[in-house]
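Enquirer: Got a structure here, written out as structure tokens. Questions coming.
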Amino acid sequence: MKIDVLTLFPDMFSAVMSESMMWKAREFGLLDFAVHDIRDQAANKQRKVDDSPYGGGGGMILKPDVLVRAIEAVKSDADAPVILLSPQGRVLTHQAAAELSRQPRLILVCGHYEGVDERARELAISDEISIGDYVLTGGELAAMVLIDAVVRLIPGVLGAEGAQHRDSHANSLLEGPHYTRPPEFRGLGVPAVLTSGHHAEVDRWRRQQALKRTWERRPDLLENAALSEEDRAFLQQLRNEAGD
Ligand code: 4G4
């Protein structure tokens, strides 16, 4: 996969993009990453990239000529998706990340100020994604979140032991609790089933813990989960115990 990022703050990406998983993905040839400074496309000597909004109201807007030129300078492939990270986008989910992980190329655009000129959106942006319902100063952190969520799903990036299929959200369930040594920590033990050596029992317990945690914290997710008859019976038992 090739990822191009367009930003006014290229230095923000260096730490995240050289950390272990990203480094491996790039070293294994699974990820080609390039960051481009939008300011390089500014026409004038002052390198002006923003201007005040028509109609007044204050704040600044990213100029359409500069942004469209910056996108055209990296977009050789006519049908590569050009994704603007913005609070108005469709919300990023595991399913959206999985879809993006199958693309050969992504062009990510990081907006700043109050946003981007609508004509640049119309002419050069094909998709708009939000990482959640809150506002950030710029799209850079959102782009890094998207890149992390997508790159770890590229086959081979996390290695054979990669547990992406067991992730919370991959199957619409939250993960249950995990434990490691020591067997007793500050008076707290480990559920006996985990040290029993009965693999089928361990699997059943883990499934039930995932169902219980999802029911307690994110019951909305259960709507989209693939549930067996046994799962449904267990959830009914939880509801009965809670008296509803
Ligand atoms: C585009 C339009 C993404 C980009 C307006 C970006 C939140 C998210 C930005 C803006 C962002 C998100 C400055 C409001 C940059 N904020 N939730 N900010 N703003 O994914």
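The values are calculated or read from the model by the stated rules, or taken from the named source; none is laboratory data. This structure is a prediction, so every number in the text was calculated from the model and none was measured. Counting neighbours? That spans all protein chains shown, and the Cβs are built from the backbone with ideal geometry, glycine included. Surface areas here come from the heavy atoms of the whole protein model, side chains and all, with no ligands, DNA or RNA. Shrake-Rupley method; radii C 1.70, N 1.55, O 1.52, S 1.80 Å.
Enquirer: Could you run the Debye sum over the Cα atoms of the range 2-54, one equal point scatterer each and no solvent, and tell me log10 of I(q)/I(0) at q = 0.26, 0.30 Å⁻¹, two decimals?
Expert: Cα-only, vacuum Debye calculation for the range 2-54: -1.01, -1.16.
Enquirer: If r is the Cβ-Cβ distance from residue 26 to residue 94 and R0 is 25 Å, what FRET efficiency results, to the nearest 0.05?
Expert: Numbers: r = 23 Å, r/R0 = 0.93.
The pair residue 26/residue 94 has a calculated efficiency of 0.60.
Enquirer: For the range 89-172, with the dipole built from +1 on Lys and Arg beta-carbon atoms and -1 on Asp and Glu ones, taken about the Cα centre, which of 172, 134, 112 lies farthest toward the positive end?
Expert: Farthest towards the positive pole: 172.
Enquirer: Okay, moving on. Could you tell me the number of lysine pairs in the chain with C-alpha atoms less than 20 Å from each other, where the two lysines are 8 or more residues apart or belong to different chains?
Expert: Lysine pairs meeting both conditions in the chain amount to 5.
Enquirer: I would also like to ask the following. Taking the simple approach of a point 7 Å from Cα along Cα-to-Cβ for both residue 65 and residue 199, what is their distance in nm?
Expert: For residue 65 paired with residue 199, the spin-label model returns 6.7 nm.
Enquirer: Are there trypsin sites (Lys or Arg not before Pro) in the range 139-244 that DSSP puts in a loop and that have at most 10 other Cβ atoms within 10 Å, and which ones? Each step should come with its number before you reach the end.
Expert: Values: sites: 152, 166, 186, 204, 206, 207, 212, 213, 217, 232, 239; in loops: 152, 186.
Passing sites in the range 139-244 are 186.
Enquirer: How many Å² of accessible area per residue for the range 1-67, probe 1.4 Å?
Expert: Using a 1.4 Å probe on heavy atoms only, each residue of the range 1-67 averages 55 Å².
Enquirer: Rounded to the nearest 500, what is the 222 nm mean residue ellipticity of the chain from helices alone, with -39500 (n - 2.57) per DSSP H run of 4+ residues and division by all residues?
Expert: Here the helix-only value at 222 nm equals -10000 deg cm²/dmol.
Enquirer: Another question about this same structure. Take the Cα pairs of the range 162-244, get the Kirkwood Rh, then feed it into Stokes-Einstein at 37 °C and 0.692 mPa s and tell me D in µm²/s.
Expert: The diffusion coefficient I find is 233 µm²/s.
Enquirer: Taking the solvent-accessible surface of protein heavy atoms with a 1.4 Å probe, what is the per residue accessible area of the range 126-200 in Å²? Working shown, then result.
Expert: Values: 4630 Å² over 75 residues.
Value returned for the range 126-200: 62 Å² of accessible area per residue.
Enquirer: Further, regarding this structure: What's the percent breakdown of Cα-Cα distances in the chain across 10 Å bins, shortest bin first?
Expert: Computed distribution, short to long bins: 6, 24, 26, 20, 14, 8, 2, 0.
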